[in-house]
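See structure below.
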Amino acid sequence: MMRAWLTQHAFVFFHTLKRLIATPVTSLLSVIVMGIALSLPVGVYVLMENLESMSGQTTGTPQMSLFLQQDAQQNDFDRIKQRLQEEPHIVSFQFISKAVAFKQLQHSSGFSDVMAGLARNPLPDAFIVHLEHNPPEALERLRTVIQDWPEVAHVQFDSEWIERLNALLQLGRAIILMLATLLSIAIIAIMFNTIRLQILTKRDEIEISKLIGATDSFIHRPFLYFGAIQGLAGGVTAWLIVALFIRVLNEELVVLARLYEVDIHLQYLSLQDSMSLLLFSAWLGWLGARISVASHLWQIEPR
């Protein structure tokens, strides 16, 4: 039973491929249109993924500066070190004494004369804390918690760049979603019309099949395979278009990377994202065909 079922599906699959090859110009144009439509949201998605990846490399981990009370002693330093070690969002931290900070400022251009005129060291002891990449809300909560420690006078944390980056990435995700939705509807509409024309050209064949007792699933199957195969081909075309653009952009980025002495290059779609693209495009083609079949085949009955 299973063997017969697989044989039927294999026969329909290869028969559908022959139909596609028999009309190469029409099939190629449909595939190119679907590929271009899919490449737009996929291209934006790839750029956003690369932007997020490169921002993590260029900005490094978020930092927080803890300035201690002027009268803080060694036992206060030890308590803060123990608390920082217990915080799960903290990657590492470094203690900078007021004496070390004062010497660094003395050797800095523009501050040596000012430091030489001071009667005492006005700088506090401090901790430089390196944090994990987390949402700004989580990092702000951590800043509030540390600010309440009695040994800490002030906590400085610049979260504006994180908020701006997250806002930009959120905007990019919204654009991807809107593009993907609109262009998916367009692909479904294209496939709907393509299958409608296929049904009209095979009206007599469908009537004869129904007359000899063919089931609805048997009649539907070639059209569904036709839609899925064209959708899959559109996904492959979209992948190739995006890969070509990334390659061209990477060649242009070589000059920019050389000028700034940094490693800048765009990553291609990952294997998981590539498989998702192909499956999604095949599903869109199948869905367009399924809607078209449901809308038109029931109108054809044997005379």
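The values are calculated or read from the model by the stated rules, or taken from the named source; none is laboratory data. Values in this document were obtained by computation on a predicted structure and should not be read as measured data. A quick note on method: Cβ atoms are made from the backbone with ideal geometry, for glycine too, and the neighbour counts reach across all protein chains shown.
Structure above, values below:
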| quantity | calculated |
| --- | --- |
| Filter result (at pLDDT 75 or above and farther than 26 Å from PHE280 by Cβ) within region 158-182 | ALA167 |
| Residue ID - modelled with the highest pLDDT, chosen from residues in region 252-271 that are in a helix (DSSP H, G or I) and over 19 Å from LEU51 (Cβ atoms) | LEU271 |
| Among (1) closer than 22 Å to VAL33 by Cβ; (2) within 21 Å of the chain's Cα centre (by Cα) - the single one ILE264 does not satisfy | (1) |
| Number of positions in region 183-232 that are of a type in the set (A, V, I, L, M) and either touching a Leu at 6+ places or on another chain (Cβ under 8 Å) or at pLDDT below 80 (or both) | 14 |
| Any hit, region 20-30, residues being of a type outside the set (Ser, Thr, Tyr), buried (at least 16 other Cβ atoms within 10 Å of the Cβ), at pLDDT 75 or above and assigned to a helix (DSSP H, G or I) | no |
| Condition check for LEU277: at negative phi, buried (at least 18 other Cβ atoms within 10 Å of the Cβ) and at pLDDT 90 or above | yes |
